1. Search region 42-59 for residues that are part of a strand (DSSP E or B) and pair each with any residue that is at pLDDT below 90 when their beta-carbon atoms are under 6 Å apart and the residues are at least 6 apart or on different chains.
2. Restricting attention to region 2-26, which residues are within 15 Å of E47 (Cβ to Cβ) and part of a loop (DSSP other than H, G, I, E, B)?
3. Mind listing whichever residues of region 1-30 are in contact with a strand residue (DSSP E or B) (Cβ under 7 Å, 6 or more places away or on another chain) and either without any contact (Cβ under 8 Å) to a residue 12 or more places away in the chain or among the hydroxyl-bearing types (S, T, Y) (or both)?
4. Collect the residues in region 28-41 that are part of a strand (DSSP E or B) and either hydrophobic (A, V, I, L, M, F, W, C) or farther than 23 Å from S11 by Cα (or both), keeping them in residue-number order.
5. Just one of K36, K27 is surrounded by fewer than 10 Cβ atoms within 10 Å (Cβ to Cβ), of a type outside the set (S, T, N, Q) and under 14 Å from the mean Cα position of the chain (by Cα); which is it?
6. Can you report the number of residues in region 8-51 which are modelled with pLDDT under 90 and of a type in the set (K, R)?
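The values are calculated or read from the model by the stated rules, or taken from the named source; none is laboratory data. Not measured: the values here are computed from a predicted model. Virtual Cβ from ideal backbone geometry, glycine too; neighbours counted across all protein chains shown.
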Amino acid sequence: MKKVTTKKTRSVNNRPNCLKITKGTQKVNFTTVTDKDGNKIKTSVREARTMKKNNKKDA
């Protein structure tokens, strides 16, 4: 399985009702996509959607 994406975790603020600010992280939404050649690629869902759109244009 090959990893294609360059995305990394984001640093975000976590702000509960008591207004205490702490830093948290948001992980990337990964998925496994199989390309035309049958190779499995691990990529973010956003990039997978873009690849799917581009493949529809070519067809």
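1. K42/M1; K42/K3; T43/V4; T43/T5; S44/T5; S44/K7
2. Selection gives V4, T5, T6, K7, K8.
3. Keep residues of region 1-30 that are in contact with a strand residue (DSSP E or B) (Cβ under 7 Å, 6 or more places away or on another chain), which gives 1-5, 7, 9-14, 21-26, 28-30.
Hits for region 1-30 are T5, T9, S11, N13, N14, I21, T22, T25.
4. Going through region 28-41, the residues part of a strand (DSSP E or B) turn out to be 30-34, 40-41.
Listed by number, the residues that qualify are F30, T32, V33, T34, K40, I41.
5. K27
6. 1
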